[in-house]
1. Is it true that some residue in region 286-298 is acidic (D, E), surrounded by 13 or more Cβ atoms within 10 Å (Cβ to Cβ), within 23 Å of P36 (Cβ to Cβ) and within 24 Å of the chain's Cα centre (by Cα)?
2. Can you go through A277, A309, A304 and tell me which one is over 30 Å from R176 (Cα atoms) and either loosely packed, with under 11 Cβ neighbours inside 10 Å or touching a Leu at 6+ places or on another chain (Cβ under 8 Å) (or both)?
3. Regarding S181, is this residue modelled with pLDDT of 95 or more and open to solvent by less than 40 Å² (accessible area, probe 1.4 Å)?
4. So, of the residues in region 101-136 that are modelled with pLDDT under 90, basic (K, R) and under 23 Å from F22 (Cβ atoms), which turns out to be least open to solvent (accessible area, probe 1.4 Å)?
5. Among the candidates I142, I162, which residue alone is more than 20 Å from S200 (Cα to Cα) and within 29 Å of the chain's Cα centre (by Cα)?
6. Report yes if some residue within region 137-159 is on the phi < 0 side of the Ramachandran plot and in contact with a Gly (Cβ under 8 Å, 6 or more places away or on another chain); otherwise report no.
7. Which of the residues that make up region 218-248 are among the charged types (D, E, K, R) and within 20 Å of the chain's Cα centre (by Cα)?
8. Do we have any residue at all in region 137-146 that's open to solvent by 40 Å² or more (accessible area, probe 1.4 Å), of a type in the set (A, V, I, L, M, F, W, C), out of contact with any Asp or Glu (no Cβ under 9 Å at 6 or more places or on another chain) and not in a helix (DSSP H, G or I)?
Amino acid sequence: MKLEYKILWFDDNEEMYQSIDFDPLRQGIDGWGFVPEIEFVSNPDDFLKRSPFTDYDLIVVDYNLEEHGQGQDFIAKIRDQEVYTEIIFYSAGKSSSLWEAVGKYQLEGIYIANKTVIIEKILKVGLQTLRKVLDVGNMRGIVMAEVGDLDHSLDVIVRTAIDSLNPEQRRDVFDRFHQASEALHGKHKEKLDSFKEAPSVDVLLMLCDSNKRWANYNRAKDHHETLKSVQLGDYVKEILVPRNFLAHGVPEPGDNGTEIFKYQGKSYIFSDEVGIALRKKIIEYKLAFNDISRELASRTVQSALDKAAESDGPVEA
């Protein structure tokens, strides 16, 4: 499971879809600590192309597909493929006709809603579904996967930033990394000695764990205006410390449904509220890292264009 909550919405009336205020839905999903992704399709072919629908957390279908029959026909096709994504039927008419269709086709895992309250229904069903699957075990998996993605983003940022520094600045970053790593990890002395003799970004990143990646980000930040302009929080405290507890700690039942993770003589109390806050914080860093990467890439392109323009300048007689 990832931190995106994806909804596939099928209605052949695009004007109806465009008339809906999605802000409450997006705000509700944000409040769960997930990123809302709503994908709209308006014809059966585009809908069925998404089969087997494993990328989606919820499917929303209009019962009265004006030009294409009735919605239960498509839901029956989905169920025939043994796809069990949660599905909401909605209609402007009476709910009784929807329940009759569900019973006739023996459709399981179907929710019913009137069009006027479809957003409220989506939020209710979505939260109910998440509570079923988002136990502490799944949350541990989410955090591991997301920190892995953040590691990759930091690799890209550190590589791009260091490559744009002058030789003296790069040497400062490399030397400070070597000194800190040598003091902490004597077991890597041979690799560190090789790095000291022939430093490179490739080897630096190869020798990094998550904490060292963040440290190198801050070393590069000392010399790079783009990184200096970004205000980030305490990444180690906000992301890496909880990750370490969830990854390496042994959970024990706590009070009021909490889980207590113990690791290296310390404790981390995990609850639903803590999980939501942690997911939100991960999303915050993901968005920030993406913005930094785009800005660095833009500056790299602009620098290359400036150099090309200089080389193509007028030649003096």
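1. Taking region 286-298 and keeping what is acidic (D, E), we get 291, 295.
Next, only the ones that are surrounded by 13 or more Cβ atoms within 10 Å (Cβ to Cβ) stay: 295.
Filter once more, keeping what is within 23 Å of P36 (Cβ to Cβ): none.
Scanning region 286-298, I find no residue that is acidic (D, E), surrounded by 13 or more Cβ atoms within 10 Å (Cβ to Cβ), within 23 Å of P36 (Cβ to Cβ) and within 24 Å of the chain's Cα centre (by Cα), so the answer is no.
2. None of the others qualify; the one that does is A309.
3. no
4. Out of the qualifying residues, it is K115.
5. Numbers: I162 fails: more than 20 Å from S200 (Cα to Cα).
Criteria check complete, one pass: I142.
6. yes
7. D234, K237, E238, R243
8. no
The values are calculated or read from the model by the stated rules, or taken from the named source; none is laboratory data. From a predicted model like this one, the values you see are computed outputs, not experimental measurements. Neighbour counts run over all protein chains shown; Cβ positions are idealised from the backbone, glycine included. Note: accessible area is taken over every heavy atom of the protein model, side chains too, but ligands, DNA and RNA are not part of it. Shrake-Rupley method; radii C 1.70, N 1.55, O 1.52, S 1.80 Å.
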